[in-house]
Amino acid sequence: METSQDAGVETTVAAGAGVPQERKIPLRTPNFNFDSLPDRWFADNLVATSIVNALHLLFPDGERFFIRSVNHYKGSVGDDAELVKAIRDFAGQEGRHGYEHERVFAKMREQGYPVDAFLKVFKGFAFDFIEKRSPHALRLATTAGVEHFTATLGRVALDTDLLTNMDPAMADLLRWHALEEIEHQDVAFDVLQRVNPSLALRGAGLAFAGLMVFPFWLGGSVYLIGTKARSIDDLRSRTGKNPYKMIPWRKLGKAVVDYLKPGFTPGEAGDDIRIAKTRAWYMKRQEAARTAKAA
Ligand SMILES: [Fe+2]
Ligand SMILES: [Fe+2]
C-alpha cells in the first residue's frame, strides 16, 4: 500500500496505482459560494486572475458543446452499456461544471468585468457559426482533444502550487473541476475510437480544439486585463509570487505529442492517487460545510 498527504488529508491507495482501472463518474453538487470573492483572487494579481477568469468564460458554453457532441453518438455505442452510462455521467458532470462556473460570472459582472460582451462574440463565432458548419465527427474529435487538454490542466492544478495562491472558494472550484476532468477523461476519446479511430481525425480534432480554445483564451485574457487595468502597477504581482513560473510548460507540450501517438490511451501514472486524494478532500469539505450549516 502507498500513502500520500494532501492538505491534511491522508489517503491510502493500492500499490502500483496508475491509470484508473474502473470507470466511476459520480455526479456531485458542491454549490460553491463566491459572495466574498475578491476582484484579484489569484496571487493578488490582475494578469493571473484575468487569465483564469477568461478560462471560466469558455467553460459553460464549451461544456454544453461537449455534451451535444458526445450525446450525438449515444445511439452508435448502444451495445456497450458501460459506455452509454459513462456518456450520461459525463454529461452530468460537465453540465454541473457549467452551472458552477456561471455562478462566478455573476460575481465578475459585479466586479466590472465585461462578461456578456465577451460571451456574445465567443458564442456567436464558436457555436452559432463554426459548430453549425462542422461535421459531427469533427465536433466529437474536437471534444476528445479538449478533454485531453482539460485532464492535463487538471493534473497541473492538482500537482503544483497554483491553487494555494488562490482565493479558497476559487481553489475549491478548480480542485473539484480538476478531479472530475480526470475522472471522465476517457469518455469522449472512447466514443471517438468507437465511431472513427482514424489518427488523422484525432489530430484534426486536437488542432481544431487548439484553434477554438487558445485564441479566445488569449483574447479574453487581454480583453479583461485591458478593461480593468488602471496603471502599469496593475500588471505586477503584489505578493512577489510569479504564478507563470509554476506552470510546467514542458509537460503541456508533451501532452500534445503523446495524444498524437497511435497507441495513446487517456490516463497517466498517478491518476488513481490524484483521484483518491481529491475525493477524500471533497468528502471532508462537504462534511465541514454540512456541519457549519447545522451549527
Ligand atoms: Fe468540465
Ligand atoms: Fe471534461
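Quick one: dipole size for the chain, taken about the Cα centre, charges +1 on Lys/Arg Cβ and -1 on Asp/Glu Cβ, in debye to the nearest 20.
Details: 39 positive and 37 negative charges, 110 e Å.
Approximately 520 debye in magnitude.
Based on the alpha-carbon gyration tensor of the range 49-149, what equivalent-ellipsoid semi-axes (square roots of 5 times the eigenvalues) come out, in whole Å, largest first? Intermediate values should be presented prior to the final figure.
Details: eigenvalues 156, 51, 20 Å².
Over the Cα atoms of the range 49-149, the semi-axes work out to 28, 16, 10 Å.
Mean separation of Cα pairs under 8 Å and 6 or more residues apart, divided by the residue count, gives the range 33-132 a relative contact order of 35 percent.
Is the range 133-185 rounded, prolate or oblate when judged by the Cα gyration tensor, a ≥ b ≥ c being the square roots of its eigenvalues, rounded requiring a/c under 1.5 and prolate requiring a/b larger than b/c? Walk me through the intermediate numbers first.
On the way: a/c = 3.19, a/b = 2.70, b/c = 1.18.
Verdict is prolate for the range 133-185.
Work from the charge dipole of the range 37-294 (Cβ charges, +1 for Lys and Arg, -1 for Asp and Glu, about the Cα centre) and give the residue of ILE87, LEU163, ILE51 farthest towards its positive end. The residue sitting most towards the positive pole is ILE51.
So between THR227 and HIS72, what do we pick up on full extension, going 0.36 nm a residue minus the alpha carbon distance?
Working: separation 155, 0.36 × 155 = 55.80 nm, distance 3.85 nm.
Taking THR227 through HIS72 to full extension adds about 51.9 nm, to one decimal.
By the rule of a C-alpha distance below 14 Å, with chain neighbours fewer than 8 residues away ignored, the aspartates and glutamates paired with LYS254 are GLU268. Sorted into 10 angstrom bins from 0, the C-alpha pair distances of the range 136-295 split as 9, 30, 32, 21, 7, 1 percent.
Cβ crowding within 10 Å ranks ILE67, ILE182 as ILE67, ILE182, fewest other Cβ atoms first. Which one of HIS56, HIS136, HIS184 has the biggest mean-square fluctuation once the chain is modelled by GNM with Cα springs under 10 Å? For the chain, modelled as a Gaussian network with Cα springs under 10 Å, the answer is HIS136. Per-residue ellipticity at 222 nm computed for the chain from its helices equals -21000 deg cm²/dmol, with DSSP H segments shorter than 4 residues left out and the rest contributing -39,500 (n - 2.57).
Could you give the C-alpha radius of gyration of the chain expressed as a fraction of 2.2 N^0.38 Å, taking N as the number of residues it contains?
Here the Cα radius of gyration is 1.00 times the empirical estimate.
Laboratory data are not the source of any read-out in this text; all were calculated from the coordinates shown. For clarity, every value in this text was computed on a predicted model and none was experimentally measured. Note that each Cβ is placed from the backbone with ideal geometry, even for glycine, and that neighbours are counted across all protein chains shown.
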